[in-house]
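In what follows, a single structure is set out as structure tokens and then discussed.
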Amino acid sequence: MFNNTGTVRRSAEVGNLIQQYLAAPDLAKRTAVSKQILEVTKQQAAVVWLLQPSNI
């Protein structure tokens with residue numbers, strides 16, 4: 001995630017997954033870990049609503 005200084009801040013979970021990715025011995029394991037990283041970062045991402053329904 002980005003904070004107001006423009007730097008990236010990551011959770012401990014993502015940091016752990018990155019370490020697993022770097023230590024993975026083969027492509028299949030790295031692919032599996034990178035999918036986990038993607039899912040975790042999608043769940044932790046901030047949501048910005050760009051559209052508001054007119055019936056509210």
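The values are calculated or read from the model by the stated rules, or taken from the named source; none is laboratory data. These numbers were taken from a predicted model, which means no experiment stands behind them. Note: ideal-geometry Cβ built from the backbone for every residue, glycine included; neighbour counts use all protein chains shown. Just the protein is used for accessible areas: all its heavy atoms, side chains included, with ligands, DNA and RNA removed. Shrake-Rupley method; radii C 1.70, N 1.55, O 1.52, S 1.80 Å.
Less than 11 Å Cβ to Cβ from Tyr21, Lys/Arg counted +1 and Asp/Glu -1: what total charge do the surrounding residues give?
The answer is +3.
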In nm, spacing of pseudo-spin labels at Ala24 and Val48 (7 Å Cα→C-beta vector): 3.0
Average accessible surface area per residue within segment 14-56, 1.4 Å rolling probe, Å²: 85
